[in-house]
Amino acid sequence: IMTLRRTAVAVGLHGSALVMAMFLPPGAVLVELFPYRVPAANYTPYRTLAQLPGMRLTYRAWENRHAANSVAHPERPAPLGGIRHLNETEQTRIEGEPAVPPHLCCRNPVWLYRIYQD
């Protein structure tokens, strides 16, 4: 917390640890990184946090738009983004989705497949 209180720019992957941005000083910048095919516009809790009264943070989202910069893990267990337990048609559909569609949290296989990629 003390380090964050002295931070001018914080950069982090989309995920629960970004809640630590609440300790950034007013005027700091928060940059949230999103994996390939995960649209920032659909996942806004940290953008909302930055806009809360008194926070005075500058928020920026960055989306990986290049498949070559991503490694999926279809062999992992389903809760960690694996899709090998699904039939081939469903696996192909998930791999081909142009973006994670809006969904309810958090068991959607397209979401899990994309959010757990490296």
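The values are calculated or read from the model by the stated rules, or taken from the named source; none is laboratory data. Note that the structure is predicted; figures quoted are calculated from it, not measured. So basically every Cβ, Gly included, is an ideal-geometry build from the backbone, and we count neighbours across all protein chains shown. Areas reflect the complete protein model, heavy atoms only, side chains present, ligands, DNA and RNA absent. Shrake-Rupley method; radii C 1.70, N 1.55, O 1.52, S 1.80 Å.
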Checklist entry - If you scan the range 1-52, which residues turn out to be closer than 18 Å to Trp111 by Cα, assigned to a loop (DSSP other than H, G, I, E, B) and among the small types (Gly, Ala, Ser)? => result Gly15
Checklist entry - Can you tell which of Arg65, Arg84, Arg60 is on the phi < 0 side of the Ramachandran plot and not in a loop (DSSP other than H, G, I, E, B)? => result Arg60
Item to check | Qualifying residues in the range 74-118 (those that are within 16 Å of the chain's Cα centre (by Cα) and of a type in the set (Lys, Arg)) - the one surrounded by the fewest Cβ atoms within 10 Å (Cβ to Cβ) | outcome: Arg107
Next on the checklist: So for the range 56-65 (the condition being open to solvent by 70 Å² or more (accessible area, probe 1.4 Å) and of a type in the set (Gly, Ala, Ser)), does at least one residue qualify?
Outcome noted: no
Checklist outcome for this item: For the range 17-34, pairs from a residue that is farther than 9 Å from Tyr59 by Cα to a residue that is polar (S, T, N, Q) and in a helix (DSSP H, G or I), with Cβ under 9 Å and 6 or more apart or across chains, are Phe23/Thr3
Next on the checklist: Against the definition (within 24 Å of Leu18 (Cα to Cα), open to solvent by 50 Å² or more (accessible area, probe 1.4 Å) and touching an Asp or Glu at 6+ places or on another chain (Cβ under 9 Å)), how does Val71 come out, yes or no?
Outcome noted: yes
Checklist entry - Can you name every residue in the range 26-49 that is hydroxyl-bearing (Ser, Thr, Tyr), surrounded by fewer than 15 Cβ atoms within 10 Å (Cβ to Cβ) and modelled with pLDDT under 95? => result Thr44
Checklist entry - Which one of these does Glu75 not meet: (1) in contact with a Lys or Arg (Cβ under 6 Å, 6 or more places away or on another chain); (2) charged (D, E, K, R); (3) closer than 16 Å to Val11 by Cβ? => result (3)
